[in-house]
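S.K.: Let me give you the structure first, and then I'll get to my questions.
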Amino acid sequence: MTTGLPALCAVPTRTYRQGMCEHCGCRGVEPIAELMDEHLELLELAGDVRRHLTRRDREAVRDALVALGQLLDDHVGREERGVFAAMKAQGDFADAVLDLETEHDSFAGSLGTLDPDSPDFGHRVRRLLEELSTHIDKENLGVFPAAVVSLGASGWDLVARAHAEHAHPHHDAHPLPHPTLEGAAL
C-alpha cells in the first residue's frame, strides 16, 4: 500500500471487517466511524455483486452496481468535502489525499463505462471491486488514523459541516461534535 500516508493502524482491514479494529481509536471519532461504516456497506454491496456474477445473474449485478454507485457517490461527497478537504487545508498529506481523490474519479468513470454485454464485463467488475477494496484499506489504515491525530478544531468543523450538509440516510443530519481523543488508543 503506497499512498504517502503512514499505516497508522496496523490491523488488516479483514480483521476490522470482523469488528475488531479498535487499535488506532478511529472508531471513537464519530465522523470517521460513519465513513468506516459506509466502507463496510460498500464492501457488502461488492460481495453481493460478486455473488451475482458467480450466478451469472446480470440483472442483479446491474442493480447491485447501481446501488454501489449511489452509495459510493454519497460517501465520496462527504469524504472529499470533509476529511479530505480538512487535511488538504491543513497541508497534511495533501499529495496522498489528492491520489485518493483521483481514485474516486476513476471509480466513478469505471462504473459509468461498464457494459453488461461486453465479454470482459465480469473481469472488469471484479478488477474494479478489488481496486475499491484496496482503496478502502488505504483510507481505513492510513488517511483516517492520520486525520484523527492531526486535524485541529477548524478541520473538525469542516468535517462536521460536510457530514451535516451531505448526510448519509443511515446517519443523523445534525452537526457532529468535535471528536474527543480522551481514552482513544492512539
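The values are calculated or read from the model by the stated rules, or taken from the named source; none is laboratory data. Since the structure is predicted, the reported quantities are computational estimates derived from the model, not experimental observations. Cβ coordinates were reconstructed from backbone atoms using ideal geometry, including for glycine residues, and neighbour counts include every protein chain displayed.
S.K.: With respect to the numbered conditions (1) in a helix (DSSP H, G or I); (2) closer than 30 Å to Gly122 by Cβ, which one is the sole condition not fulfilled by Arg56?
M.R.: Only one criterion in (1) in a helix (DSSP H, G or I); (2) closer than 30 Å to Gly122 by Cβ is unmet by Arg56, namely (1).
S.K.: Looking at (1) modelled with pLDDT under 60; (2) over 22 Å from Glu44 (Cβ atoms); (3) in contact with a His (Cβ under 9 Å, 6 or more places away or on another chain), which is the one condition that is false for Glu182?
M.R.: (3)
S.K.: Can you tell me which residue is surrounded by the most Cβ atoms within 10 Å (Cβ to Cβ) among those in region 122-140 that are more than 11 Å from the chain's Cα centre (by Cα) and in contact (Cβ under 8 Å) with a residue 24 or more places away in the chain? It would help to see each step written out before you state the result.
M.R.: Step one: of region 122-140, the residues more than 11 Å from the chain's Cα centre (by Cα) are 122-131.
Now drop any that are not in contact (Cβ under 8 Å) with a residue 24 or more places away in the chain, which leaves 122, 125-126, 129, 131.
Numbers: Gly122: 16, Val125: 22, Arg126: 14, Leu129: 20, Glu131: 14.
Across region 122-140, the extreme among qualifying residues is Val125.
S.K.: Can you go through Val143, Val159 and tell me which one is in a helix (DSSP H, G or I), at pLDDT 90 or above and in contact with a Leu (Cβ under 6 Å, 6 or more places away or on another chain)? I'd like the intermediate steps shown before the answer.
M.R.: On the way: Val159 fails: in contact with a Leu (Cβ under 6 Å, 6 or more places away or on another chain).
On inspection, the qualifying residue turns out to be Val143.
S.K.: So, of the residues in region 61-92 that are in a helix (DSSP H, G or I) and without any contact (Cβ under 8 Å) to a residue 12 or more places away in the chain, which turns out to be farthest from the chain's Cα centre (by Cα)? Explain how you work it out, then say what you get.
M.R.: From region 61-92, those in a helix (DSSP H, G or I) are 61-90; that's our starting set.
Checking which are without any contact (Cβ under 8 Å) to a residue 12 or more places away in the chain leaves us with 63, 66, 70, 88.
Details: Asp63: 21, Val66: 17, Gln70: 13, Lys88: 17 Å.
If we take residues in region 61-92 being in a helix (DSSP H, G or I) and without any contact (Cβ under 8 Å) to a residue 12 or more places away in the chain, then Asp63 is farthest from the chain's Cα centre (by Cα).
S.K.: What are the residues in region 22-40 that are closer than 19 Å to Thr134 by Cα, in contact (Cβ under 8 Å) with a residue 40 or more places away in the chain and either surrounded by fewer than 18 Cβ atoms within 10 Å (Cβ to Cβ) or polar (S, T, N, Q) (or both), if any?
M.R.: Of everything in region 22-40, just one residue is closer than 19 Å to Thr134 by Cα, in contact (Cβ under 8 Å) with a residue 40 or more places away in the chain and either surrounded by fewer than 18 Cβ atoms within 10 Å (Cβ to Cβ) or polar (S, T, N, Q) (or both), namely Asp37.
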